[in-house]
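These notes concern the structure reproduced below.
The values are calculated or read from the model by the stated rules, or taken from the named source; none is laboratory data. From a predicted model like this one, the values you see are computed outputs, not experimental measurements. Here the Cβ positions follow ideal geometry from the backbone for every residue, glycine too, while neighbour counts run over all protein chains shown.
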Amino acid sequence: MKNRLISAVTAAVISVCSVASAVIPAFAEDNSAKNLLVLGDSIATGYNVTGNVNLNYGQIVADYYGCTAVNKAENGLTSDGLITKLTSDSDVKSAASTASVILVSIGGNDLLGATKTAAGELIAKWCANPSDTYFYGKTNLDYMSALKVIQGVTDEKQQQSYASDLFAAINSATSAQVTASAPKLTQIRSLISSVNPDAEVVFQTIYNPFAVSESTINLMSLQYSQSYVTAYNQLNSIARIAISRYNNNISKLSNVKIADIYDAFTENNTDSQLNNDSKGYAHALTGILASGDKRDIHPNQLGHLAIAAKVIQTIGNIKLDETSLYKTYIALPELQRDALPLEVRNSIETATTVKKGDINDDRAIDAIDASAALTYYSAIQGGTTAKNYSDVRKTAADADNNGAIDAGDASIILTHYASVQTGGKGIL
Ligand SMILES: [Ca+2]
Ligand SMILES: [Ca+2]
């Protein structure tokens, strides 16, 4: 087990990892003077170890619906902490009472807290064991210091044994935490109802910050030892099990909408040859692969964009968007947009609604779009998909609605463009 894994574990333990998103139905129709309240943890505050993101998902969603974002999230907040706030924090209760929509991101710190406690107990046990070569006799060893001790263990077998015991302890503790969480989640929902029975309440599921793509794992295999990759997969597996069980509790809540962020951050690849563990987009949507102190399980700006899009998709009332969701997305270089996971692009582009003929979604229908249609057509003819087209873009590209993207569509787009250029209304 190499130091990078220790760093990953450390990052997981010292940070907060939960993601939530929200849903609201009738809310978007009359937005004047409506408030969108964000409750929860550091996912919701927009925290990043290198500084908060420019726009967190609460701001993006509020902007989309033209209402005011009120953010009462707090870094490190647990479900117990949220219960306390909803019970006795007059500021939070007041904000909740006037909100039309309430987005809740909670749970990640509960799992991390259980992880810390279990690790602490295990370390104390090692330190009290006279036959433990590396730990016996050490005092006041916190988790971070213990990780440094494990890092320094030269016998690889012994090092793996420590890691394996640590993972087992974490697995068991998070499992117990998940069981304890169900009544807490129900209580949070009830407390919100008691303050504001009319608000639309959206709970977000927690994403797995260790779930990365297969190609990322393959790259890791080239860079690091097999034991590192095995340990990373083990961590991913533990996280997946605990988070999935926690999310299952969230999904059982009544009178809420569920924005499935776990799903939004997960690759739906049934061809996976590696194992059954979830593969995902954490490499693109969080800072999990950053090195050293910059390693971060929190969503980056793209992650917040993806969460916002999922929340908006869940809430509904999709419109042709010109707000920060669209502006942030379209400001990305096209190559970077094309490199985004298709599921994420589908989600964002569905929320921004691409217009027929406007394949690159820049709100102009012109020769660039005609060229894009031809590029797509020739790629398909050549047996490859050169462009990572989302479903929405494919619909935009099929200008004549015949179910295929080809030269006919390019021609229609050009005809439309020529018409508009000469003062006409166009044909699209
Ligand atoms: Ca265009
Ligand atoms: Ca067509």
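Pairs meeting the criteria (first residue in segment 65-91 and under 24 Å from Ala182 (Cβ atoms), second residue at pLDDT below 95 and surrounded by 15 or more Cβ atoms within 10 Å (Cβ to Cβ), beta carbons under 7 Å, at least 6 apart or on different chains) are Gly76/Val16; Thr78/Gly113.
One residue is enough: does segment 111-124 have a residue meeting the conditions outside any helix (DSSP H, G or I) and not aromatic (Phe, Trp, Tyr)? No, that holds for no residue.
Pick from Leu185, Leu191, Leu253, Leu222: which is buried (at least 21 other Cβ atoms within 10 Å of the Cβ) and either touching a Phe, Trp or Tyr at 6+ places or on another chain (Cβ under 9 Å) or in the same structural domain as Asp89 (by TED's automatic domain parsing) (or both)? Going through Leu185, Leu191, Leu253, Leu222 in turn, the sole match is Leu185. I'm trying to understand the selection: among the residues of segment 13-55, which are surrounded by fewer than 24 Cβ atoms within 10 Å (Cβ to Cβ), at pLDDT 90 or above and in contact with a Gly (Cβ under 6 Å, 6 or more places away or on another chain)? Correct list: Asn52, Val53.
Scanning segment 345-362 for residues being more than 16 Å from ligand 2 (Cβ to nearest atom) and crowded, with 22+ Cβ neighbours inside 10 Å gives a total of 7. Quick one: would you say Gly426 is more than 9 Å from ligand 2 (Cβ to nearest atom) and in contact (Cβ under 8 Å) with a residue 24 or more places away in the chain? Answer is yes for this residue. Among the conditions (1) within 21 Å of the chain's Cα centre (by Cα); (2) at positive phi, Leu340 misses just one, which is (2). Being in contact (Cβ under 8 Å) with a residue 24 or more places away in the chain and out of contact with any Cys (no Cβ under 6 Å at 6 or more places or on another chain) is a description that does not apply to Ala364. Across segment 346-391, the qualifying residues are those that are basic (Lys, Arg) and more than 9 Å from ligand 1 (Cβ to nearest atom), and the one among them that is nearest to Thr314 (Cα to Cα) is Lys356.
Taking the criterion of being outside any loop (DSSP other than H, G, I, E, B) and more than 14 Å from ligand 1 (Cβ to nearest atom), the residues of segment 396-420 that qualify are Ala407, Gly408, Ser411, Thr415, Ala418, Ser419.
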